[in-house]
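Structure first, then comments.
The values are calculated or read from the model by the stated rules, or taken from the named source; none is laboratory data. The structure displayed is predicted, hence computed values, not measured ones. With ideal geometry, Cβ positions are generated from the backbone for all residues, glycine too; neighbour counts draw on all protein chains shown.
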Amino acid sequence: MRLPFISMFMTSPFEGVQEHAEKVKECTWAFQQALECHIADKCLTFEKFRQEVIQLESEADVIKRRIRGHLPKWSMLPVDKFQLFRYLREQDSVLDSVEDALDWISYRNDPGIPKELEKDFFLLVDTIITPIEELSKMVSEARKYFRNYSEKQRNVVKNIIATIRQQEHDADTAEDAVKSKVFNLIQDPVTVFHMVRLAETIGSIADHAENAGDMMRAMIAR
């Protein structure tokens, strides 16, 4: 049973979730800079950005462990504890995919992206940034909802979730465009494998954002 009055006197775990979401957004911005650096092959700071992402991911892990470790067993939460943990797992998986993408790039010595794929990769990167920025906004609006349980506020959260779902679809379209060009324009099999795997890993960032949105939809359901 939801007890909004009692919850006023408790520290909400959503404060930590919001902090974690902001860290995810910060990490994704560093990821965007790293990818732009690598794709254009015009800078020598890709590794610097990759290490920044690693550091931010580590900081986010500290926040995640704090949320999990400081949630009293008998806390009166506005949502099911396991739903909250599943949401946090998906939000954290965004970071895992970001780090996986940069690690995958670092495994190959050849710099840059084939010229004929540059614009498509730039578009793919842009499409995964927007749903990540929406995550932080979604958590912020959900915190307001769990304070007052207003139907109007609930609809605000639902609209953000719908936006994230559409943005994930746009990311899928961009990912498919990259893979189609790779198979039709690139001859070297190693490059084909590397580019396809990179596109899929970048695309999975938006997948996890959509999954987080779905979990939030379940938490605000009545």
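Observations, loosely collected:
- Residue satisfying condition, being assigned to a helix (DSSP H, G or I) and either within 13 Å of A101 (Cβ to Cβ) or at pLDDT below 75 (or both), within set A21, A34: A34
- Taking residues in segment 185-197 that are more than 16 Å from I39 (Cβ to Cβ), and partners anywhere that are surrounded by fewer than 12 Cβ atoms within 10 Å (Cβ to Cβ), the pairs with Cβ atoms closer than 7 Å and at least 6 places apart or on different chains are V192/F183.
- If you go through segment 76-102 and pick out every residue that is assigned to a helix (DSSP H, G or I) and β-branched (V, I, T), you end up with 2.
- Scanning segment 174-203 for residues being in contact with a helix residue (DSSP H, G or I) (Cβ under 8 Å, 6 or more places away or on another chain), closer than 30 Å to M138 by Cβ and not aliphatic (A, V, I, L, M) gives a total of 6.
- The residues on offer are I186, I205, I220, and the sole one that is at pLDDT below 95 and surrounded by 19 or more Cβ atoms within 10 Å (Cβ to Cβ) is I220.
- Yes/no for L56 being buried (at least 19 other Cβ atoms within 10 Å of the Cβ), in a helix (DSSP H, G or I) and out of contact with any strand residue (DSSP E or B) (no Cβ under 9 Å at 6 or more places or on another chain): yes
- Of the residues in segment 112-120, at least one is farther than 24 Å from E22 by Cβ and in contact with a Phe, Trp or Tyr (Cβ under 7 Å, 6 or more places away or on another chain).
- Annotation: of all residues in segment 141-157 being polar (S, T, N, Q) and surrounded by fewer than 16 Cβ atoms within 10 Å (Cβ to Cβ), the one that is nearest to A221 (Cα to Cα) is N155.
- Selected residue [over 13 Å from the mean Cα position of the chain (by Cα), β-branched (V, I, T), surrounded by 14 or more Cβ atoms within 10 Å (Cβ to Cβ) and part of a loop (DSSP other than H, G, I, E, B)] from I63, I67, I113: I113
- The condition of being in contact with a Gly (Cβ under 8 Å, 6 or more places away or on another chain), surrounded by 16 or more Cβ atoms within 10 Å (Cβ to Cβ) and part of a helix (DSSP H, G or I) holds for only one of I105, I129, I160, that being I160.
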